[in-house]
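These notes are about the structure you will find just below.
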Amino acid sequence: MYVGLIGLGHMGSNMAHRWRRHGHAAIGFARTAASVDKLVADGAIDVGVRSLADLVAQLDQFENKVLSAMRWRFGGHLELPMGEK
C-alpha cells in the first residue's frame, strides 16, 4: 500500500515508522522541511514533498503506474500518463 501523510510531528512520524515496518510505502508532507528531511533520512518515508499539491501529484503518479500495471497484467493495454506518447 502507498499512503500520503500530512503532518510529520509526533503522531505522523510514528505512523510512518509503523507503516514502513509493515512493508508500506509513504509520501510525507510537513510545514517544516526539517521534519520531512529527517524522516526521509531515517527511511520512514520514501518521498518527502514541500507542498500539498506535490503530495497529490506524487500519489496521482503512483496511482497511474498501478493502474497501468494492472491493465497490462490482466490483458489490457499499457496506458501512458496524460501528455506522453
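Within region 19-47, residues that are outside any loop (DSSP other than H, G, I, E, B) sit with their Cβ atoms under 7 Å from residues that are modelled with pLDDT under 90 and exposed (fewer than 13 other Cβ atoms within 10 Å of the Cβ), at 6+ positions apart or across chains, in these pairs: PHE29/LEU52. Look through region 1-18, keep the residues that are in a helix (DSSP H, G or I) and not polar (S, T, N, Q), and return whichever of them is nearest to the chain's Cα centre (by Cα). Per the criteria, the residue is ALA16.
The values are calculated or read from the model by the stated rules, or taken from the named source; none is laboratory data. This structure is a prediction, so every number in the text was calculated from the model and none was measured. Positions of Cβ are generated from backbone atoms using ideal geometry, with glycine treated the same way; all protein chains shown enter the neighbour counts.
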